[in-house]
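The next block holds one structure in the form of structure tokens; read it before the comments.
The values are calculated or read from the model by the stated rules, or taken from the named source; none is laboratory data. Predicted, not measured: the structure shown is a model, and the values here were computed from it. All Cβ positions, glycine included, derive from the backbone under ideal geometry; neighbour counts span all protein chains shown. We work out accessible area using only protein heavy atoms, side chains counted, and drop any ligands, DNA or RNA first. Shrake-Rupley method; radii C 1.70, N 1.55, O 1.52, S 1.80 Å.
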Amino acid sequence: MDFPRLQIAVIAAVLLLADLIFLDLQALIAWALISATTLCLLWQLWWILPYTPCWPKEVKTATESSQERQISILTSNVLTPNRNADALIKLIQQHQPDILVTLESDQWWEDQLNALDTDMPFSVKCPLDNLYGMHVYSKLPLEEPEICYLVEQDVPSIHASVVLKTGDKVRVHFIHPAPPSPTENPESAERDAELIVVAKSVVDSDQPIIVTGDLNDVAWSATTRLFRKISGLLDPRVGRGIYNTFHVDYPFLRWPLDHLFHSRHFVLISIQRLPSIGSDHFSLFTKLLFMPQHGEDQAGLEADDADHEWSEEIVEKQNVSQHDVPEPGR
């Protein structure tokens, strides 16, 4: 029930308005119904409001735009059966990202995207037909790239170090954990474990970190919040907007499933949801500025003892370890 909080809030707001218009406000039962509806609305808003301009920004807005310190990432779940590669290529030509990460990309998609090799000569390719293929194309050098299967044997993630034009290295993690599904994963245990394994692997690092991908989880869920608490990473959407990326075809049933989190080394230049490419996901384009001193006082969510205990239970249940995530120099 984490997913439909926005939809429930909208329904509660409409219902509250109807209560005030149509109920007999002299009756005690009317005020009981109004109170219940108000409490429901306030509870949903507690989760959602951080992802609106009503909330203080978690990540500072960049005040300069040094090209050498920039890193821009276009994250796109292309949907394997979708064959509109030209639409994605046009977005790439228009926005000129430093890094492109595609999810659900199979061999057909790899063949179409090979045209990017000239402009984006650094790549990691993992074509699969099971909806979990992944490709990374980069204009910036990728060092020590590695494809890992952290929790499930057929669900990959890609890890590497990106070398900025300044020579600074950024550790990047591209992930696409499997969603809870009646036919595949009856519970969210596998997805949750992958998120927490990555979170634990970066929490003690003093390196610049970026984690992006389709997490198959909404931004305000208990699990995504736990990921942010354990990892210490920041969410540039907080205080700016929800940026719903799924489902393209159903405006009332949309959720923010595609994410980008980063360490305090960065401030935000821009974040935007791009037009449809024929997939069920919109692409997400994020442009960051590497400014460690300017961003060091940024603060995200903090973990307490209960959060650490819960995270240990999640990884122990799946018998995985944060050491399964590759680190520089390993």
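Brief remarks follow.
- Output for the stretch 203-222, where each listed residue is within 18 Å of GLY295 (Cα to Cα), open to solvent by 10 Å² or more (accessible area, probe 1.4 Å) and of a type outside the set (D, E, K, R): VAL203, SER205, GLN207, PRO208
Condition check ((1) loosely packed, with under 14 Cβ neighbours inside 10 Å; (2) at pLDDT 95 or above; (3) part of a helix (DSSP H, G or I)) across all residues:
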{"position": "PHE3", "(1), (2), (3)": "no, no, no"}
{"position": "GLN7", "(1), (2), (3)": "no, yes, yes"}
{"position": "ALA12", "(1), (2), (3)": "no, yes, yes"}
{"position": "LEU17", "(1), (2), (3)": "yes, yes, yes"}
{"position": "GLN26", "(1), (2), (3)": "yes, no, no"}
{"position": "ALA32", "(1), (2), (3)": "yes, yes, yes"}
{"position": "SER35", "(1), (2), (3)": "yes, yes, yes"}
{"position": "LEU39", "(1), (2), (3)": "yes, yes, yes"}
{"position": "LEU42", "(1), (2), (3)": "yes, yes, yes"}
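- Just one of the listed residues (PHE246, PHE261) is at pLDDT 95 or above, open to solvent by less than 10 Å² (accessible area, probe 1.4 Å) and either aromatic (Phe, Trp, Tyr) or over 16 Å from LEU195 (Cβ atoms) (or both), and it is PHE261.
- Total residues in the stretch 239-255, condition within 16 Å of the chain's Cα centre (by Cα) and closer than 11 Å to SER283 by Cα: 4
- When SER283, SER270 are screened for being buried (at least 23 other Cβ atoms within 10 Å of the Cβ), touching a residue at least 12 places away in the same chain (Cβ under 8 Å) and hydroxyl-bearing (Ser, Thr, Tyr), only SER283 passes.
- The C-beta contact set for the stretch 27-52 (first residue farther than 17 Å from THR224 by Cβ, second residue open to solvent by 50 Å² or more (accessible area, probe 1.4 Å) and in a helix (DSSP H, G or I), distance under 8 angstrom, 6+ apart or interchain) comprises ILE34/LEU20; THR37/LEU15.
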